[in-house]
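> One structure, pasted below without further comment.
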Amino acid sequence: MATGRQSLAAGLHLRQEQKAQPRLYQAMDLLHMPLLDLQGHLRQALVDNPFLDLVEPGDEPDDDVDDLPDTDDLPDALAEDAEDGPADEVDWEDVLLDDFDAGGPRDEYGDREYYEPAAVATRNLWDHLHEQLNLLRLGERELRIGEEIIGNVDRDGFLTCPLDRIVEALEERREEGLEERRDAAGAVSRVEVEEMLARIQSFEPSGVAARDLRETLLLQLRDRGREASLAWRIVDGHFDDLANRRWPELAEEFGITPREVQAAADEIAKLDPKPGLRYADTSDAYVIPDLTVEKVEGRYRVSHADTSLPRLKLSPVYRDVAADRARFQGENKAFISERLNSARWLIQAIEQRRQTMLRVMDFIVERQREFFEKGVEHLRPLTLRDVAKHIEMHESTVSRVTNGKYVQTPRGLYPLKFFFSGGYSTHAGEDVSSEGVRARIRKLVAEEDPTAPLSDHEITARLQKAGVRIARRTVAKYRDQLGILSARLRRRV
């Protein structure tokens, strides 16, 4: 009978593997960070590392950023360092006598400072409704019903819960004794809930607490004193015909002309389909550009818009302290070496980030010059691979550089991702991007005769006549993406 026996043995094996240092991930994060996040990161680095210091407005660094190592792709360079093993002993003489600056002389910085806007407390829809509820002279029972109804209103202003479920919820609380005092009047009835709902529906904003779009339109018409109008009768009794814009059928139903029906529909279109959104919180909608494109003497110049970033250098105070090498041994010397290397690496990484962003944007401007000159319709196809090949970087690096970044141009503020899209070739051999085709569709619809709107087939024919090779189904897809109705629904009488 064979028996197995476990044993231990030592042996040598050769294998290749690549390990990423923590700084590799930090470099990736720096490339990916938007401007506001990078500001916070650098401020924290100034607190954590005593070897980092701010460049004061009047300071002029001794060395230019051209003295920094030439690394086209910072993550790749760090990966190579990881393969080389531990760093050699720090050359104190070379390092301590150098004063690195994060970006070289920038006269345009001046004394400008960035003050981050402070968050301001704003009242939302529910605060507004509760305030109006508390102004009414209500008993405890009515107040509980009103609060339950308001709690089931969504941010668009619609009541999302059936009245029967509100009655059940109020009864469950009463039975479970969750209220401070049990209600001696008994269970809440549906009639009481309906009466309180009618009172809340008279609150501002007009049309709030409606159960569907039809009801919110009726509430707004009622508040405007239009209960006897044609618009009221159309919404109240023929909402489906209104939604499908069946003007001839409605005209026949009311014995009027289609033009009168169109006028009533125009009045209805001025109402607010989502009344609660006017109280939506928009305090976080801040966009600060990372880059700026300006036209100077007929040429487009790309520059950084990072004047709010702290400018970093090696601290001269700690440089002088560390210069006395005889004072530090063992752990103290290792700590100083690590902090000094970390400070120097961060300054180099920030500069590499700046240069990479400039190179990417320079190529975008060169490739998309027609856009800057003539508009979105002339945007050309561009991919991350095109940029990566031109500037000799990895595609993932370009993706990190462009993700979440914005550029201020003479034509407005755009995310860098806006300039990347597929496209179509024209009969003349030129290229036009998908975004450019959508812009052309939008322009054709804006200029069409409203009494005879262009069909998808006609839009396709006009684009093809202009040289764009595109299919009708693609035109229909782009029209839907732009939120443009079909020709039948756009037709006016």
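Throughout, read-outs are computed from the coordinates displayed, never taken from laboratory work. Only a predicted model underlies this, so the values are computations on that prediction, with no experimental measurement involved. Here Cβ is always computed from backbone atoms with ideal geometry, including for glycine, and neighbour counts include all displayed protein chains.
> Give the Cα extents of the range 421-493 along the principal axes, in whole Å, largest first.
Cα spread of the range 421-493 along its principal axes, largest to smallest: 41, 22, 18 Å.
> Take the Cα radius of gyration of the range 327-409 and divide it by 2.2 N^0.38 Å, with N its residue count; two decimals is plenty.
Values: Rg = 19.4 Å, N = 83, 2.2 N^0.38 = 11.8 Å.
For the range 327-409, the normalised Cα radius of gyration is 1.65.
> Hey, if you drop one equal point scatterer on each alpha-carbon of the range 125-279 and run the Debye formula without solvent, what base-10 log of I(q)/I(0) do you get at q = 0.09, 0.15, 0.19 Å⁻¹?
Values returned for q = 0.09, 0.15, 0.19 Å⁻¹ are -0.37, -0.81, -1.09.
> Sticking with this structure for a sec: Amide H neighbours of Tyr406 under 5 Å, at least 5 residues apart or on other chains, H built in the peptide plane: list them.
Counting only residues 5 or more places away or on other chains, the set is Asp290, Leu291, Leu416.
> Follow-up. Which value in nm describes the separation of the simple spin-label points at Glu175 and Ser303, placed 7 Å from the Cα toward the beta carbon?
7.2 nm
> Around Phe158, under 13 Å between beta carbons, what's the net of Lys plus Arg minus Asp minus Glu among the other residues? Provide the component values of the computation, followed by the final result.
Details: positive: Arg155, Arg211, Arg214, Lys274; negative: Asp154, Asp156, Asp212, Glu215, Asp272.
Around Phe158, the charge tally is -1.
> Which FRET efficiency, nearest 0.05, do Thr383 and Lys270 yield, Cβ-Cβ r, R0 41 Å?
On the way: r = 43 Å, r/R0 = 1.06.
Between Thr383 and Lys270 the formula returns 0.40.
> Still on this structure, I have one more. Amide H neighbours of Ala210 under 5 Å, counting only residues 5+ apart in sequence or on other chains, H built in-plane at 1.01 Å?
Counting only residues 5 or more places away or on other chains, the set is Leu159.
> I would also like to ask the following. Classify the range 375-421: rounded, prolate or oblate, from the alpha-carbon gyration tensor (a ≥ b ≥ c, eigenvalue square roots; a/c under 1.5 rounded; otherwise prolate if a/b is larger than b/c)?
Details: a/c = 2.57, a/b = 1.52, b/c = 1.69.
Oblate shape, in that a/c is at least 1.5 and b/c is the bigger or equal ratio.
> How large is the translational diffusion coefficient of the range 370-493 in µm² per second when you combine the Kirkwood radius over alpha carbon pairs with Stokes-Einstein at 10 °C and 1.306 mPa s?
Reported coefficient: 99 µm²/s.
> Using modelled backbone amide H atoms (1.01 Å from N, in-plane), which distant-in-sequence or interchain residues come within less than 5 Å of Thr383's amide H?
Correct list: empty.
> Subtracting the Cα-Cα distance from 0.36 nm times the residue separation, let me have the gained length for His130 to Glu194 in nm, one decimal.
Working: separation 64, 0.36 × 64 = 23.04 nm, distance 1.77 nm.
Contour length minus Cα-Cα distance gives 21.3 nm.
> Among Tyr279, Tyr286, Tyr414, what is the fewest-to-most ranking by other Cβ atoms within 10 Å?
Details: Tyr279 19, Tyr286 9, Tyr414 16.
Least crowded to most crowded, the residues run Tyr286, Tyr414, Tyr279.
> Something else now. List the lysines whose Cα sits under 30 Å from the Cα of Lys389, skipping any in the same chain fewer than 8 residues away.
Lys19, Lys295, Lys374, Lys405, Lys417
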